[in-house]
Every structure is written in structure tokens, then in C-alpha cells.
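Worksheet for the structure shown next.
The values are calculated or read from the model by the stated rules, or taken from the named source; none is laboratory data. In this text the structure is predicted, and so the values were computed from the model without any measurement. FYI the Cβ positions are ideal-geometry reconstructions off the backbone, even for glycines, and counts take in every protein chain you see.
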Amino acid sequence: MADIPHAMKACALTRYGHTDIVELPVPAPLPDEVLCKIHAVAICGSDPGIIGGRYEKMHWPPSFPFVLGHEWAGEVVALGENVDAFGIGDRVAGEGHCGCGQCENCKRGNYTICLNYGRRELGHRHYGHNDQGANAEFNAYRAKCLTKMPDSLEYAAGSLCDTGGAALHGVELGGITPGGSVAIYGAGPIGLCLLGMVRNMGADRIIAVGRGHRLRLAQSLGADVCIDFEKEDPPARVREITDGRGADEVFECSGSPSGPADAVNSARKGGTVVLIGMYDEAKVKPLPVLKIVNEQIRLVGSKANPNVSDKVVRMLNKGIVGWQSIVTHRMPLEKYAEALDIFVNRRDNVVKMVIEPWATT
């Protein structure tokens, strides 16, 4: 570690609503960990909520100062003991979730719903939520949270691995009807990643629900029909497009209060609805429960991105996920506050904002 500095720049949440560029010690990798040089970290839709205190009851963050950032890609620069799957110089994409590996859910591969969530002494980590994240020049990670990237894939693309993984996990849980119809609520980063995936998995008709620039982007990425929710009633329009039948699969990625109910009302009898968004439960509109029961609609909750990163990396590299259209902005770490403002207020047609800690101002 002779060429690794002792101190690094980081963007830390010092109190709710306030971030600062600070100097922190470079962490040394513990056994089973690697130290990574962070080359790209994307701002997630959950980050503004953490910054604003929305998830205080979930202990995100557990204390101050705290470094956010869980959608990242970088380079392995040091190895802890017992690490043999990676070498110095490997290019990697990271995951936010690291399960304990011991509980029943982890053993089944469901480590994003680890039964020992928050128990650091048992090995659980949730980077950027209750463990220090990637808004810094370096960070240490459990090796099992990393996926190797080919040299042909940019670090900015690798930072979409978490977002694309959330989309793909939802698709794997919900399934795709070959030759069928799919409705996607939300033309944000997850919905746009999902669009390319379902097209390549055999969906015939893809219906995107959104507005403005993002909806136009969905059309350019392959949506067959685009519904502007400010001008039309999305469930009624979905039924009209599908000859009154409804979509075979509906993916709710918007996180809006009306999203879950609209998604159910857009599904055919015997169809599937997958909820991927993060919701403010106090504001969510009631679900049409009788419709769910009487029409035997399958309702699936999808949490994050377990066991899909290697697939997503290959999809990004093949162009199945159009990351060049989704990553619209890049800014250096020193301008994080400005980047966050652009992202939250959707200025300049932003879709995904990527922070590059080693970029010059």
C-alpha cells in the first residue's frame, strides 16, 4: 500500500440537509475486504431522502459524519487477507447490499433481505446506508460485493450496475411473457434500464408511462407506446392499447403515491405487477384489493439487486441497457451539492448524475 495515501477527499453528510467536502483517513481493508479507488458513483433516488432525514427511523445514516453513495465502479488497489478472487488493478462494479451469509435468506441467495440486517458484527453491510459509502476517493468493501468489469466498459457505465440490477431483479421475479405486453410506470433510470431488458427478453409491446424528456427518452430507447400521465389516465390508456385486456406484466418503478394502484389497474386478469419503487407509505393510494383477488393478479415486491450484477455488466457491455442515454451528467466530487440540486430538481434534462471523485474541477 506504499502508493496509497493516508488521507482522502470525501463528501460527508454532516447533519441532515447538509453535506461537506472533508478529509478522512483512507480505510485499510479488513480480512475478506478489498480497498477500491472510486472512479464513478451515481446519485440514487434514495440519496436525497437520506440527506433530508426521510429514513431516520431506518437509521440511514446511523451517525454523522456519514459518506453516502452505493452505486459505484472503481479499481481494486489493495487486498485484505483471504481475498483470492480479485487482484490489484481489477476493474469492478459494486453492490450496496452485503448480507451476513449465515441466515436462511442469505443461504437462499436473498441477501438483500438479510435477516441480520444492520448487525455489523455478523458481517452485514449496507454501503451508503448504514455503512460508509462511495462518495469518496477510496472505500473498502467485502469482496463478495464486487463484480469484475471488462476493459471495454466505462466506469460511468459500471456505476449503473446497481440501478440495472434493481430492474433485472424485478424482471426475474415477475417474468416476461414472450410476445406479450409490458407496461412500465416511471421513465427514470430503473424504468429505462428495464425497457431494454424486457425488449431483449421477448416482450412484443412495451408501454412506458412518464412525462417530459424522460418519456421522450423512453421512446428513443424502444418503447412502442408512451403515455404522458399529465395528459391521459394511464390505466385506461393501457387497457385501450391492449384491446381492453390489460398488460401481461406491469413494473412500477416511479415510487409515486398513485403508482401501485395504477399498476394493478393496468394488469390483465392473471397478470403480474412488480413493485420496484420506494414509496412514502403514508401517501400511497389504497390498492384495489378486490381486483387483485377476483382477477388473480400476482403482486410482487422487489428489493434491490441480488445475484444479477454479472448479468447486468454483460448487458451494459452489449448495449442492451442504453447507459449512454441514461447517464446524462457527470460532475466532480467537489461539486456534489450542485450535482444533487440538478438531480433533485431535474434541471437540464438530467436522468442519471454520476460523480467522478478523481475528476478535476
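See the values below:
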{"read-out": "Check on residue 192, surrounded by 15 or more Cβ atoms within 10 Å (Cβ to Cβ), outside any loop (DSSP other than H, G, I, E, B) and hydrophobic (A, V, I, L, M, F, W, C)", "value": "yes"}
{"read-out": "Qualifying residue in the range 216-235 (condition: basic (Lys, Arg) and either under 24 Å from the mean Cα position of the chain (by Cα) or crowded, with 20+ Cβ neighbours inside 10 Å (or both))", "value": "yes"}
{"read-out": "Residue in the range 261-293 that is surrounded by the fewest Cβ atoms within 10 Å (Cβ to Cβ), counting only those that are among the acidic types (Asp, Glu) and part of a loop (DSSP other than H, G, I, E, B)", "value": "281"}
{"read-out": "Residue satisfying all of: in the range 1-55; small (Gly, Ala, Ser) and outside any strand (DSSP E or B); surrounded by the fewest Cβ atoms within 10 Å (Cβ to Cβ) among these", "value": "2"}
{"read-out": "So residue 141, is it outside the structural domain of residue 276 (by TED's automatic domain parsing), free of Cβ contacts under 8 Å to residues at least 60 places away in the same chain, of a type outside the set (A, V, I, L, M, F, W, C) and under 21 Å from residue 358 (Cβ atoms)", "value": "no"}
{"read-out": "Residues of the range 316-342 that turn out to be hydrophobic (A, V, I, L, M, F, W, C), assigned to a helix (DSSP H, G or I) and surrounded by 22 or more Cβ atoms within 10 Å (Cβ to Cβ), as a count", "value": "4"}
{"read-out": "Residue in the range 140-150 that is closer than 27 Å to residue 81 by Cβ, among the hydroxyl-bearing types (Ser, Thr, Tyr) and surrounded by fewer than 23 Cβ atoms within 10 Å (Cβ to Cβ) present", "value": "yes"}
{"read-out": "Residue that is farthest from residue 157 (Cα to Cα) [pool: residues in the range 343-359 that are in contact with a strand residue (DSSP E or B) (Cβ under 8 Å, 6 or more places away or on another chain) and in a helix (DSSP H, G or I)]", "value": "348"}
{"read-out": "Filter result (farther than 30 Å from residue 14 by Cβ, charged (D, E, K, R) and surrounded by 15 or more Cβ atoms within 10 Å (Cβ to Cβ)) within the range 64-120", "value": "90, 91"}
{"read-out": "Tally of residues being among the hydroxyl-bearing types (Ser, Thr, Tyr), in contact (Cβ under 8 Å) with a residue 40 or more places away in the chain and closer than 18 Å to residue 233 by Cα across the range 249-292", "value": "3"}
{"read-out": "Where residue 296 falls short, out of the listed (1) crowded, with 20+ Cβ neighbours inside 10 Å; (2) part of a loop (DSSP other than H, G, I, E, B); (3) among the polar types (S, T, N, Q)", "value": "(1)"}
{"read-out": "Of residues in the range 236-254 being touching an Asp or Glu at 6+ places or on another chain (Cβ under 9 Å) and part of a strand (DSSP E or B), the one surrounded by the most Cβ atoms within 10 Å (Cβ to Cβ)", "value": "250"}
{"read-out": "Selection status of residue 133, assigned by TED's automatic domain parsing to the domain that holds residue 339, assigned to a loop (DSSP other than H, G, I, E, B), modelled with pLDDT of 95 or more and farther than 27 Å from residue 22 by Cα", "value": "no"}
{"read-out": "Close pairs (9 angstrom Cβ cut-off, 6 or more residues apart or separate chains): in the same structural domain as residue 19 (by TED's automatic domain parsing) and closer than 14 Å to residue 117 by Cα in the range 51-62, in a helix (DSSP H, G or I) and small (Gly, Ala, Ser) anywhere", "value": "60/49"}
{"read-out": "Single condition residue 291 does not satisfy, out of (1) among the charged types (D, E, K, R); (2) farther than 28 Å from residue 212 by Cβ; (3) modelled with pLDDT under 95", "value": "(3)"}
